[in-house]
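**Student:** One structure, as structure tokens, below. Some questions next.
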Amino acid sequence: MPRTDLEDHPDASNSSAATSGHASEEYELPSIEAVLAGTLALMTGYSQALQAEQHPQQRVLMGSKIGRNIGLLAEHPQLSVSFKRVMQGLQQRWVLMTACTVESEPPSASRGTRVH
């Protein structure tokens with residue numbers, strides 16, 4: 001999984017270098033690329049219907065994280081003003097979508113399901 005912690009990953013000149021074998025899927029990415037890669041991975045998981053049925057609370061948490069990551073992208077100094085505007089619009093949509101997901105969640109799904 002790509003690392004997305006901005007403080008631990010200052011932007012580097014190399015775009016992507018595998019730090020271990022192909023099996024681990026751990027890569028060193030410049031911080032903005034790591035946020036983008038992690039967000040796309042979360043979006044992939046969020047979109048899976050099975051995830052929504054079996055782990056609705058995890059899906060809510062994923063949606064919240066996607067919104068936060070898009071917020072980071074919307075304020076990143078290396079991105080263009082046009083890209084930031086697109087990210088601001090997407091962030092608003094993800095906040096609303098996550099709120100709708102929470103509201104539509106069955107009562108049994110929100111009780112007792114805890115994700116760390």
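Bear in mind that the values in this text are calculations on the coordinates, not laboratory data. Predicted model only: the values in this text are computed from it and were never measured. Cβ sites come from the backbone with ideal geometry, for glycine too, and all protein chains shown count toward neighbours.
**Student:** Among 47-60, 74-87, 30-43, how do they line up from the highest to the lowest mean number of other beta-carbon atoms within 10 Å? Don't jump to the answer; show the numbers that get you there.
**Tutor:** Details: 47-60: 14.2, 74-87: 12.2, 30-43: 18.7.
Listed from highest to lowest mean packing, they are 30-43, 47-60, 74-87.
**Student:** Which ³J(HN,Hα) values, rounded to whole Hz and listed in residue order, are derived for the stretch 86-98 from phi using the Karplus coefficients 6.51, -1.76 and 1.60 in 6.51 cos²θ - 1.76 cosθ + 1.60 with θ = phi - 60°, glycine and proline given as x?
**Tutor:** 4, 5, 4, x, 5, 4, 4, 5, 5, 4, 5, 5, 5
**Student:** With the crude spin-label approximation of a point 7 Å out along Cα→Cβ, what separation in nm comes out for Glu75 versus Glu103?
**Tutor:** 2.7 nm
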